[in-house]
C-alpha cells in the first residue's frame, strides 16, 4: 500500500524540537513535503542552521520514518534557516535603521524618536526599539512612562507586544526597570536583554524599525551588526570637534569587515541657535563646518541640520515629539530628513 502524505505528517508529530518544547509539525517546521512510493523528501525549517539541534532533529526524522515505514524507505531532508524562508521574529520588518552616536549628550534619542514619528506621519508603519540599555529615554520622549507592553503566547512561547502611540510601535527596557533602579550589567547580560527586545517581540509588519542605540562602540553595536540585517545607520553628532571625532570612530566601526553596516548619512543636531524673537537669524554657538568635513571624509551626506530650539526640549519632556507639530519648522526639518533618508535607501 502506498504511503500517503497525511501518514507521514502523523508520524512526524512524534519528532520533538526540544528548544521549543513541541513537535516539528505543530511548529510549522516541515515544508515542501513530497511522498513518492519509497521516497520521502522534505525541507525542515530551523531558527539557525548552525544550531546543534539540526543534525539531532534530522536524524530523529529519518529514524522515526524508517521505523514506521521500513528501512528501505529513502528519506531526503534539507535543513533551511528561518531567514531564508522569510520567517523568524523580524521577518515582517523591511528596514532596520540604527541611530548611532559616538558619545552621549548629542540628542541621539530625540532624533530617533522624532525620526520614527516623522516616518509614521509620512504613511509608513514604524517601530522604535530603545536599545540604550543603560539609559533608556524613549518612554519619556513618547510619554509612556510606567506602562508595560502586552504579552501573547505563540507556539508555547511568550512574546512582548510593543506599545503604540502616535502611530509608532514602542519597546524599551525602560518598561521593565524602575525609574530609581540603577543597572549594573556585564556585557553578556546587556546582549541578552537586547536580543530579547529584538526577537521576543511581536513587531508584526513594519516598513521601518528605528533602533535608538547606546552611545559608543560596545557590545550591542557588535551584536546588531553581526546578528541582524541592518539596512543602514544614521549618525548623530553636534558641531563640536570632540563630538565629530567620537562619531567618526562609530562610523569606522560600522565599516569594519566584521560588520559592514551601510552609513546613510549624518544628522547634525544643535547645529545653530535660533532666537524666538528673531527666527531668521542663526547663531553657530558650537562652531561650524566639522560635520561637513566628516561627511566629506566618509563620502556620505548631511541628512539634516537641526537647530537649538527650546520647543524641542519641552516637547520631549512632555512626551509629545516635536515632529508632531506641523506648524513647527523643526517638524518640517524631520520631514525633510525622512525624504533624504529614503533617497539614500533607494541608492
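Nothing in this text is a laboratory measurement; each read-out follows from the coordinates by a stated rule. Only a predicted model underlies this, so the values are computations on that prediction, with no experimental measurement involved. FYI the Cβ positions are ideal-geometry reconstructions off the backbone, even for glycines, and counts take in every protein chain you see.
The table that follows gives values for the structure above.
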| item | result |
| --- | --- |
| Label-point separation in nm, residue 313 to residue 4, each point 7 Å along Cα→Cβ | 7.4 |
| Estimated FRET transfer efficiency (residue 48, residue 134; beta-carbon r; R0 35 Å; 0.05) | 0.80 |
| Relative contact order (%) - the chain, alpha-carbon pairs under 8 angstrom, separation at least six | 18 |
| Amide N proximity, the stretch 18-44 versus residue 91 label position 7 Å along Cα-to-Cβ, cut-off under 19 Å | 18-34, 42-44 |
| DSSP beta bridges in the stretch 93-346 [antiparallel fraction, %, rounded to 5] | 20 |
| Pair residue 145, residue 81: separation of 7 Å Cα→Cβ label points (nm) | 4.2 |
| Whole-Å distance, taken between Cα centres, linking the stretch 63-79 and the stretch 299-347 | 59 |
| Gaussian network model of the chain, springs between alpha carbon atoms under 10 Å - residue of 235, 33, 171 with greatest fluctuation | 33 |
| Förster radius 45 Å - calculated FRET efficiency between residue 336 and residue 161, Cβ distance, rounded to 0.05 | 0.85 |
| The chain - mean residue ellipticity at 222 nm from DSSP helices (-39,500 (n - 2.57) per run, n ≥ 4, rounded to 500) | -10000 deg cm²/dmol |
| Shape category assigned to the stretch 12-140 from the gyration tensor of Cα positions, a/c cut at 1.5 | prolate |
| Structure-derived P(r) over Cα pairs in 20 Å bins from 0, in percent: which label, when the choices are (1) 28, 47, 20, 5, 0; (2) 34, 61, 5; (3) 31, 57, 12, 0 | (1) |
| C-alpha long axis of helix 241-254 to longest principal axis of the chain, angle in ° | 20 |
| Förster-model FRET efficiency, 25 Å R0, residue 299 and residue 240, C-beta, rounded to 0.05 | 0.70 |
| Inter-probe distance in nm under a simple model that places probes 7 Å from Cα toward Cβ, at residue 288 and residue 22 | 6.1 |
